[in-house]
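Asks: Before I ask anything, here is the structure I am working with.
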Amino acid sequence: RQQLGIEPGEVALMMVANEWHRKGLAQTLEALALTGDHTMSLHLVGKSGIASFRPLIERLGLTRRVHYHGPSDDVGWQLAGADLMVLPTQYEPFGLVIVEALANGVPVLSSRLAGASEAVHHGRTGLIIEDPYDVEELTGLLDVAAAADLAAWGREAAGSVDAYRRDNVLQRVADLILA
C-alpha cells in the first residue's frame, strides 16, 4: 500500500484495464465524486494513459483521489494493496482480472456484463452492478462497499474461485474430451 501511495484509513479502489471507456472509468469517476465516503481513492493500472480523462477528473475535484500507475506485467502486488477491485464494464467476454482479484483476496465490484461476474457472490465476495451506465447505482454500491467489512469479503473471495484454478479447468476439459 505504501508503494501505491495509499494512506492509512484510505479505502483503495483498484481498476486494472486497458480500454478505460469500455471498462466504465467515466462512470466510476462520477460515482467516486458522488459517494459519501471521501476516504475512497481510485488506483488505475493499465497500458492506456488517462490523459483524455484528466478534464473530467479535474472537473469532479478528484485530482488527489485518482492515481494512475501505468502498465504492469504482474498486477498481483497492486491488487494486494487494494480494498476493492472495480470494473463496471460495459462489455467483457470473461474478464480474467476479476478472478485474479478474487484469488488474491480482493473483493470485486463488476457488472453482469462481464462473463467472470458469475464468480462474484453479491454481498459476500463483492458487488454486481446491473446497469454499468447507471452512475447512481454505482454510487450506491460504492457506499455499500464503504460500509461493508471488505476484509471479511476478501477472506471469502480468496477461496471462492478454486473452480477457476488451472488444474481444475484442465481436469474439466480432459473429462469432457475423454467422456
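The values are calculated or read from the model by the stated rules, or taken from the named source; none is laboratory data. What you are looking at is a predicted structure, and each value in this text was computed from that prediction instead of being measured. Please note: Cβ atoms are built from the backbone with ideal geometry, for glycine as well, and neighbour counts cover all protein chains shown. The accessibility values were calculated without ligands, DNA or RNA, using every heavy atom of the protein model including side chains. Shrake-Rupley method; radii C 1.70, N 1.55, O 1.52, S 1.80 Å.
Asks: Any idea what % of Cα-Cα pairs in the range 81-144 are farther than 16 Å?
Replies: 35
Asks: Take Glu10, Glu30 and sort them by solvent-accessible surface of the protein heavy atoms, 1.4 Å probe, largest at the top.
Replies: Per-residue accessible area, sorted high to low, gives Glu30, Glu10.
Asks: Using amide H atoms built 1.01 Å from N in the peptide plane, name the residues 5+ places from Gly126, or on other chains, whose amide H lies under 5 Å from its own.
Replies: Val108, His121
Asks: Along the positive direction of the dipole of the chain (beta-carbon charges: Lys, Arg +1; Asp, Glu -1; about the Cα centre), which of Ser111, Thr125, Val45 reaches farthest?
Replies: The one lying farthest along the dipole's positive direction is Val45.
Asks: Per 0.36 nm of contour for each residue apart, how much would the distance between Arg54 and Ala163 grow if the chain were fully extended, relative to their Cα-Cα spacing?
Replies: 35.3 nm
Asks: State the label only: which of (i) 17.7; (ii) 18.1; (iii) 16.4 corresponds to Kirkwood radius over Cα pairs in Å computed from the shown model?
Replies: Derived directly from the coordinates: (iii).
Asks: Let me ask something else. May I ask you to list the residues of the range 114-129 whose amide nitrogen lies under 12 Å from a point 7 Å from Cα along the Cα→beta-carbon direction of Glu156?
Replies: Taking a point 7 Å out along Cα→Cβ of Glu156, the residues of the range 114-129 whose backbone N falls under 12 Å are 120-127.
Asks: Where the accessible area of the range 2-87 is counted over protein heavy atoms with a 1.4 Å probe, how much of it, in %, is carbon and sulfur?
Replies: Ligands and nucleic acids excluded, carbon and sulfur reach 49 percent.
Asks: Expressed as a whole number of Å, what is the distance separating the alpha-carbon centroids of the range 5-44 and the range 122-176?
Replies: Cα centroid to Cα centroid, the span is 17 Å.
Asks: For the range 110-174, build the charge dipole from Cβ charges (+1 Lys, Arg; -1 Asp, Glu) around the Cα centre, then report which of Ala163, Val173, Leu142 sits farthest towards its positive end.
Replies: The Cα lying farthest towards the positive end belongs to Val173.
Asks: On a 1.4 Å probe surface of the protein chains, which of Ser160, Ser117 comes out largest in accessible area, and what is the full order?
Replies: Ranked from most to least accessible, the order is Ser160, Ser117.
Asks: Suppose only helical runs count, i.e. DSSP H with n ≥ 4. What mean residue ellipticity at 222 nm does that imply for the chain under -39500 (n - 2.57) per run, divided by all residues and rounded to the nearest 500 deg cm²/dmol?
Replies: Value at 222 nm, helices only: -11000 deg cm²/dmol.
Asks: What accessible area per residue comes out for the range 18-119, rounded to a whole number of Å², with a 1.4 Å probe?
Replies: 43
Asks: Kirkwood hydrodynamic radius, the range 51-91, all distinct C-alpha pairs: what's the number in Å?
Replies: 12.4
Asks: In nm, what is the difference between 0.36 nm times the number of residues separating Lys47 and Tyr91 and their Cα-Cα distance?
Replies: Net length gain for the segment: 14.0 nm.
Asks: Let me ask you something else. Any idea what the dipole of the range 31-179 comes to, in debye rounded to 20, about its Cα centre with Lys/Arg Cβ at +1 and Asp/Glu Cβ at -1?
Replies: 380
Asks: Between Leu170 and Glu19, what FRET efficiency follows from the Cβ-Cβ distance if R0 is 45 Å, with the result rounded to 0.05?
Replies: Once the sixth-power term is evaluated, E becomes 0.95.
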